[in-house]
Amino acid sequence: MMKKEALLLIPNVLKVFLENGQIKSFTFDGRTTVKDVMVTLQDRLSLRYIEHFALVLEYAGPEQNHKFLLLQDKQPLAYVVQRTHYHGMKCLFRISFFPKDPVELLRRDPAAFEYLYIQVESDLGIHRQTSGQTSRQTVLPPQ
């Protein structure tokens, strides 16, 4: 009988978790890099610009503190898959470089702005709280 962990690791496949709850899987070889995945995600998500995006590894610490490790464009996917499986990390596609002017992002790339909105909403909600007991009521003004 196979263990559950054995089913999670498929050789030469990287799972990337998106902010909307979807998971995108990528097959790779020894030459495939993080940048290759980024370009593919740009196409699949109909994003015009990806300069604000990055692939990150997420690690949930013992106190539910979430830490993010930013991946470099030239890193091979074999390295990423090894870290995600053996160190209990998840690979996420996130806006890691907040735009100086979000309204300009909305004008230039509505799909990227929507992704940013979903990510911020998720970060401020019960998902991935990074400090204390931040709630929507604390951050957003009453309506």
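Computed quantities for the displayed model
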item	result
Pairs where the first residue, in the stretch 86-103, is within 16 Å of A60 (Cα to Cα) and the second is polar (S, T, N, Q) and at pLDDT below 90, C-beta under 8 Å, 6+ apart	K90/T84; C91/T84
Enumeration of residues in the stretch 107-121 that are of a type in the set (S, T, Y) and surrounded by fewer than 18 Cβ atoms within 10 Å (Cβ to Cβ)	Y117
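The values are calculated or read from the model by the stated rules, or taken from the named source; none is laboratory data. The model shown is predicted, which means the values in this text are computed figures rather than measured ones. Cβ atoms come from the backbone with ideal geometry, glycine included; neighbour counts cover every protein chain shown.
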